[in-house]
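The values are calculated or read from the model by the stated rules, or taken from the named source; none is laboratory data. Here the structure is a predicted model, which means the values were calculated and not measured. Backbone-built Cβ (ideal geometry, glycine too); neighbour counts: all protein chains shown. Side chains are part of the model used for accessible areas, which takes the heavy atoms of the whole protein and leaves out ligands, DNA and RNA. Shrake-Rupley method; radii C 1.70, N 1.55, O 1.52, S 1.80 Å.
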Amino acid sequence: MFKIALLGAGRIGAIHGRNIAAHPAMSLKYIVDPVETAAMKLASLLGAEIATIDQVLADDEIAGVVIASSTTTHLDYCLAASRAGKAIWCEKPLDLDLQRLRAELDNLRPSSDRLLLGFQRRFDPNFRALHQRLVAGEVGVVETIQITSHDPAPPPVDYIKVSGGLFKDMTIHDFDIARWLLGDDVIEVYATASNLVDPAIGEAGDVDTAKIVLRTAAGRLCVISNTRRSGYGYDQRVEVYGAKGRLAVGNMTETTLEAWTEKGMAADRFENFFLTRYASAYAAEADHFADILAGAAKPLVGVADGEAALALAVAAAESARSGQPVRI
């Protein structure tokens, strides 16, 4: 039974904490959060203890840490946990500053085989099935990809102000999925973005709607569509077009119920929140982290993937500002 410390008792921390506490190969020993009431509430619910980061790192019983704290702490916590010899599962992004991240890559390298980065979409059973069939050659060589990623409603502006912006906070997931599916290095990014959803987002210095085109060395193209507000639910679709056909993942609805009448066909609503849409993905991530702790697996997504996705986010922001494609 691997003993784990959870850093961060917010909504994603609560999901990871519950999955760890329920896992047959892991137990949750500590919860660390600067908001004591949040830490106490989650610790009481999951049977864990409240601790400080220093206590966690000094405890030889702790095999791994799950970093679900504020983004500005991710890199520092990863570095500290790496020095302490802990396995690491860190939410994205590793940092908001690409140059700072690159300056610390050598210090993260000793943990590269035991640092899992939380791009949970790679663990979604639907996207994993798509990737497996793509690799198997079912539709031949990839030519183009369309990724639709539309949130149901924008987050609070206070969150926007500390998020790092649309490209680092939201599109970064799509950049990771694009790299995973394209199977070729992205060499050029073109992005155009607007503030169409909430004027307060624009006043905070961010955009809320974007279209991005990625081009690989082999000329393959990926188009990403983002908005902070769909108006109809959490819209998560991927279409891959190859030389021999098309593979696609559609949206998940709250139930599979359909009604067929003279008026036509009606189905249930799309899932309306990322925590429910990707519940199975988060559970699969926990399984993978347990395998990493046991030495039975290496991270399916790690530091190099985090750096590459962040580099695309930076390039997209630069392209949106300049109106010109940016070479990688």
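Observations on the model:
- Alpha-carbon Debye profile of segment 148-235, log10 I(q)/I(0) at 0.15, 0.24 Å⁻¹: -0.56, -1.15
- Among the lysines of segment 1-156, pairs at least eight places apart or on separate chains and with Cα atoms under 18 Å apart come to 4.
- Averaged over its residues, the chain has an accessible area of 45 Å² per residue, based on protein heavy atoms and a 1.4 Å probe.
- Rounded to the nearest 20 debye, the dipole magnitude of the chain is 560 debye, with +1 charges on Lys and Arg beta carbons, -1 on Asp and Glu beta carbons, and the Cα centre as origin.
- Centre separation in Å (Cα based) which lies between segment 1-73 and segment 147-223: 30 Å
- Which of Leu214, Thr227, Ile172, positive extreme of dipole for segment 165-252 (C-beta unit charges): Leu214
- Against the chain, whose longest principal axis is taken from its Cα atoms, helix 172-182 shows a tilt of about 70°.
- What you get for segment 28-168, charging only the Cβ of Lys and Arg (+1) and of Asp and Glu (-1), is a dipole of about 380 debye around the Cα centre.
- Shape metrics for the chain, restricted to C-alpha atoms - Rg then Dmax, Å: 20.1, 67
- Applying D = kT/(6 pi eta Rh) to segment 260-328, where Rh is the Kirkwood radius over alpha-carbon pairs, T corresponds to 37 °C and eta to 0.692 mPa s, the Stokes-Einstein value obtained is 200 µm²/s.
- Cβ-placed point charges (K, R +1; D, E -1), dipole of segment 220-263 about Cα centre in debye, nearest 20: 340 debye
- Spatial extent of segment 209-328: Rg and Dmax, with the Cα atoms as the point set, Å: 19.0, 58
- Shape parameters for segment 198-276, alpha-carbon atoms, Rg then Dmax in Å: 17.2, 51
- Shape of segment 68-214, Cα gyration tensor, a/c cut at 1.5: oblate
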